1. What list do you get for 153, 54, 143 if you sort them by fewest beta carbons within 10 Å?
2. Which of the following values of Rg and Dmax of the Cα atoms in Å was calculated from the structure shown: (i) 18.4, 63; (ii) 17.3, 49; (iii) 19.8, 78?
3. With the chain treated as a Gaussian network of Cα nodes joined by springs under 10 Å, which of 145, 14, 72 yields the largest mean-square fluctuation?
4. For the residue pair residue 171 and residue 139, what label-to-label distance in nm results when each label sits 7 Å from Cα along the Cα-to-beta-carbon direction?
5. Stretch residue 75-residue 7 to full length: gain in nm at 0.36 nm per residue minus the Cα-Cα span?
6. Measuring from label point to label point, each 7 Å out along Cα→Cβ, what is the residue 102 to residue 149 span in nm?
7. Sort segment 117-198 into rounded, prolate or oblate with this rule: let a ≥ b ≥ c be the square roots of the eigenvalues of the Cα gyration tensor; rounded if a/c is under 1.5, and if a/c is not under 1.5, prolate when a/b is larger than b/c, oblate otherwise.
8. How much length is gained if the chain between residue 126 and residue 197 is pulled fully straight, taking 0.36 nm per residue apart and subtracting their Cα-Cα distance, in nm to one decimal?
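Nothing in this text is a laboratory measurement; each read-out follows from the coordinates by a stated rule. Please read these numbers as outputs of a predicted model, since none were measured by experiment. Here the Cβ positions follow ideal geometry from the backbone for every residue, glycine too, while neighbour counts run over all protein chains shown.
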């Protein structure tokens, strides 16, 4: 199963080298296969494309710990911890705090204030979980619990970005969304892209 995922995501990153989600998914597939060096390389590629995906730092830190690179892991986790705090990504931040403590290191000192957002201001008290601003979708974009989460958490601009990315994922992975497994794969990518996991 891991080999199939690695092959799929390798093809996706070869077809679109700037696809940060493709490299992130490839890194997770390598991590699941315990191929830590290759996973670390994929996660570094994600950070080369965008340093704002805070979960990447946590996963890269795990790889470096597994590879016995303690100092590099500490440096990565500290940087990721600060970024996650600034972005308001509390779950990745807390995860990195646990990893740092397991390494005998205290997490960085950060101000416990509302995280600063650099995105466009939110409307009517709404703040997009992915970008921190934007206008809310008028209605849930799909039925069910996931559609409701998107409506409550994601702005219209980020949703529009996902539609383009999601179409590419369907094409690259040849997903038949009539299949429950294909729908699960699609939904997992959506949650990663929109940062609904954190």
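1. 143, 153, 54
2. This structure yields the entry labelled (ii).
3. Of 145, 14, 72, the most mobile in the Gaussian network model is 145.
4. Once both label points are built, they end up 2.8 nm from each other.
5. Details: separation 68, 0.36 × 68 = 24.48 nm, distance 3.07 nm.
Extra length from residue 75 to residue 7 when fully extended: 21.4 nm.
6. Using points 7 Å along Cα→Cβ, the separation is 2.3 nm.
7. Since a/c reaches 1.5 and a/b is larger than b/c, the shape of segment 117-198 is classed as prolate.
8. 23.7 nm
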